[in-house]
Amino acid sequence: MAITVTVQPYAVDTVTAASVLGRSPRTLANWRAAGTGPPYRVAVGKGGPVMYLVSDLENWLQNS
């Protein structure tokens with residue numbers, strides 16, 4: 001018997017997050033600058049890539 005496993009990412013980059021939300025990466029950058037939009041994190045300290053937790057994106061979509 002074969003077992004199928006689906007693995008979902010824990011966090012995604014800005015381009016993927018924008019695609020999930022149906023927005024452009026620039027819109028997410030504008031939201032970050034304005035202090036709005038879904039929560040995000042900066043990986044590896046200050047200056048690292050911006051990452052979005054998938055659970056945060058799902059919650060933001062449900063509550064916006």
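The values are calculated or read from the model by the stated rules, or taken from the named source; none is laboratory data. Here the structure is a predicted model, which means the values were calculated and not measured. Cβ atoms come from the backbone with ideal geometry, glycine included; neighbour counts cover every protein chain shown. Protein only, heavy atoms only, side chains kept; ligands, DNA and RNA dropped before computing areas. Shrake-Rupley method; radii C 1.70, N 1.55, O 1.52, S 1.80 Å.
Given the protein chains as shown and a 1.4 Å probe, how many square angstrom of THR4 are accessible, to the nearest 10?
130 Å²
Could you work out how far helix 54-63 tilts from the main Cα principal axis of the chain, as a 0 to 90 degree angle to the nearest 10?
70 degrees
Per residue, what accessible area does the chain have, given a 1.4 Å probe and all protein chains present, in Å²?
74 Å²
Please report, as a whole percent, how much of the solvent-accessible surface of the chain comes from carbon and sulfur atoms (probe radius 1.4 Å).
Working: 2620 of 4730 Å².
Accessible surface attributable to carbon and sulfur in the chain totals 56 percent.
Beyond 21 Å, what share of the Cα-Cα pairs of the chain remains, rounded to the nearest whole percent? Display every interim value, and only then the final one.
Values: 494 of 2016 pairs.
Within the chain, distances greater than 21 Å cover 25 percent of Cα pairs.
Counting alpha carbon pairs within less than 8 Å and at least 6 residues apart, what relative contact order, in whole percent, applies to the chain?
36 percent
Which of the chymotrypsin sites (Phe, Trp or Tyr not before Pro) found in the chain are loop residues per DSSP with 15 or fewer other Cβ atoms within 10 Å of their Cβ?
Loop-located and lightly packed - TYR10.
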